[in-house]
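*Asks:* First the structure, which I've put down as structure tokens, then a few questions once you've had a look.
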Amino acid sequence: MGEYTRIDDLSVIRGMGVGLGRIKDAFDGLDRLRGQYEDDFGDSGLAGQFGEFAGNWERHREELADEVARLAAIARAAAKTYDGVDGELARALRAARAPKNR
């Protein structure tokens, strides 16, 4: 037998789109770290290291957020496409089973 998408698979795909969208929103909502905590360290070397970390974090967080947004869009598009295909197949089956008017 060939593989097929079950209805419960489709709800998982749809849920992935929603969940990934929420993760992306959470990343977007994180405050920038750079320049906010350096004074709290009391050591310029440690503050400098934290500043470097914060800069890397900001860049990588943005990249990760972009990737998560792309995955969310893919999951939403896949669910929409499967819904459309399912609807078309159902219409074709109903038409094939309908009595022919002669």
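The values are calculated or read from the model by the stated rules, or taken from the named source; none is laboratory data. This is a predicted model, so every value here is computed, not measured. Methodologically, a virtual Cβ is constructed for each residue, glycine included, from the backbone with ideal geometry; neighbour enumeration extends over all protein chains shown.
*Asks:* Restricting to segment 36-51, name every residue that is in a helix (DSSP H, G or I) and surrounded by fewer than 11 Cβ atoms within 10 Å (Cβ to Cβ).
*Replies:* 39, 40, 44, 45
*Asks:* What number of residues within segment 1-51 satisfy the criterion of being modelled with pLDDT of 75 or more, of a type in the set (A, V, I, L, M, F, W, C) and farther than 27 Å from residue 77 by Cβ?
*Replies:* Qualifying residue count for the region: 3.
*Asks:* Okay, moving on. Are there any pairs, at least 6 apart or on different chains, whose C-beta atoms fall under 6 Å, with the first in segment 82-102 and closer than 25 Å to residue 12 by Cβ and the second not aliphatic (A, V, I, L, M), and if so, which?
*Replies:* 82/5
*Asks:* Could you tell me which residue of segment 8-27 is surrounded by the fewest Cβ atoms within 10 Å (Cβ to Cβ), considering only residues that are farther than 10 Å from residue 68 by Cβ, touching a helix residue (DSSP H, G or I) at 6+ places or on another chain (Cβ under 6 Å) and not basic (Lys, Arg)?
*Replies:* Per the stated criteria, the residue is 10.
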